[in-house]
Amino acid sequence: MQYVYLLQSIPHPDRRYIGSTNDLKRRIAEHNAGKGEHTHKYRPWRLVTYAAFADTRRAQDFERYLKTGSGQAFANRRLW
């Protein structure tokens, strides 16, 4: 399975992150351990939501969509 996940910083709730992985627990632990280049300054993070995909390409497409303007609007209405 490939997961697309949305994280929110606990100390800085206005900071959000969207990513994808095939091992969700490991990846969140890495973010909270400071191993993410874009996320280390705002840790710890909490998982807001995730979507699981059997097809890696569909997961990549969904992640890319969530990072667009219309995808951000969708996420703000439905996922955050």
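No lab work stands behind these numbers, since they all come straight from the coordinates. Everything quoted here is computed from the prediction, not taken from an experiment. Positions of Cβ are generated from backbone atoms using ideal geometry, with glycine treated the same way; all protein chains shown enter the neighbour counts.
Binned at 10 Å from 0, what are the whole-percent values of the Cα-Cα distance distribution for the chain, short to long?
For the chain, the pair-distance distribution reads 19, 51, 29, 1.
Sorted from fewest to most neighbouring beta carbons within 10 Å, what does the list 70, 20 look like?
Neighbour counts put them in this order, fewest first: 70, 20.
With labels modelled as points extended 7 Å from the Cα through the Cβ direction, what inter-label distance (nm, one decimal) is found for residue 33 paired with residue 51?
Modelled inter-label distance: 2.9 nm.
Could you size up the charge dipole of the chain around its Cα centre, putting +1 on the beta carbon of Lys and Arg and -1 on that of Asp and Glu, and report it in debye to the nearest 20?
Dipole of the chain, to the nearest 20 debye: 140 debye.
Out of 8, 34, 54, whose Cα points farthest toward the positive end of the dipole of region 2-78 (charges: +1 Lys, Arg; -1 Asp, Glu; placed on Cβ)?
Result: 8.
Computed over the Cα atoms of region 33-80, what is the ratio Rg over Rh, Rh following Kirkwood?
We get a ratio of 1.02 for region 33-80.
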